[in-house]
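Notes for the one structure printed next.
Coordinate-derived values only; no laboratory data. Values in this document were obtained by computation on a predicted structure and should not be read as measured data. Please note: Cβ atoms are built from the backbone with ideal geometry, for glycine as well, and neighbour counts cover all protein chains shown.
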Amino acid sequence: MQITDKLNSYDLGPKKCLSAVVGDPRLVVIDVETTGLDHICDRVIQFACIDTTAQLRKSLEGCEDASDSDAVTTYLNPEMQIPKDAQRIHRITDEMVRGAPLFKDVAGSFLKFIDGAILVGHNIKFDYEFINAELIRAGYPPITNPVFCTLKAARKSLVEYTDRFDLASVAQAVDIEHSNPHDALADATVTAKVLARLMILNVGQRRHDRHEVENDDGLMIKIFGVTIAIVVFVVLVILTLSA
């Protein structure tokens, strides 16, 4: 089964947009840190992209050393002050981004990196909207890459493991360490590992479900066979007595 087929097996709804993907394309995990929650008014101050295709394939093949990845990350100058509330969450200060490039300066290389890829994120809608808002400000058209959301996938797969689905809680539920939350590269790295773990859990569950169905089918056949035998026996007895 190809990676795309495994992603499609989660059935997360039409916005996932994977049905049109042909073959086994690249998967790029993205994460952004921002000045706030509103993609119209707020700005991206750090982003990270990790091409996790090779890592994911190795994980699905059971390879213990599945660390191969190609990553890009940078701070960005938002051309505005970072609110103190936001600084308390991601610990990114005005001083840290003062000399950083503007988004428009790195937009071309970012678009080249994600070209043709499925974009993966934990609450991918948030990252997608911020990236597109920045691209439009920089004079680029918005991206239309297909996406896969590990938040939605975790809510389907991990309900027996956790009742909280933020990235740190999901990582803990699948035994992945996340020591630096709200750093774009750290979050993207953990999201890539969560994706691999969710894939393995999903494939295992589907095999388990199929095995149960096969067992159930076998049991039903046996019950049906026994029932037919009893009916035939009763009919024979009745015919014998009638004679």
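Quick notes
- Packing around the peptides 72-78, 148-154, taken as the average count of other Cβ atoms within 10 Å per residue, puts them in this order, highest first: 148-154, 72-78.
- Evaluated over region 130-172, the Cα radius of gyration and Dmax, each in Å: 15.3, 45
- Region 113-124 - phi-based ³J(HN,Hα) in whole Hz, Karplus 6.51/-1.76/1.60, Gly and Pro as x: 5, 9, 4, x, 9, 7, 8, 10, x, 8, 6, 4
- Gain in span if fully extended, Glu160 to Ser109, counting 0.36 nm per residue against the direct Cα distance: 14.3 nm
- Cα→Cβ-extended label distance, 7 Å offset, between Ala54 and Thr144, nm: 3.1 nm
- Cut-off under 5 Å, modelled amide H: who pairs with Asp31 long-range: Ala48
- Length gained on full extension, Arg98 to Gln81: 5.2 nm, using 0.36 nm per residue less the C-alpha separation.
- Qualifying GluC sites (Glu not before Pro) in region 74-142, where qualification requires a DSSP coil assignment and no more than 14 other C-beta atoms within 10 Å, comprise Glu79.
- Using θ = phi - 60° and Karplus 6.51 cos²θ - 1.76 cosθ + 1.60, couplings along region 43-51 (whole Hz; Gly, Pro as x): 10, 7, 10, 7, 9, 9, 10, 10, 7
- For region 92-147, applying the loop criterion from DSSP together with a ceiling of 11 other beta carbons within 10 Å to the trypsin sites (Lys or Arg not before Pro) yields Arg98.
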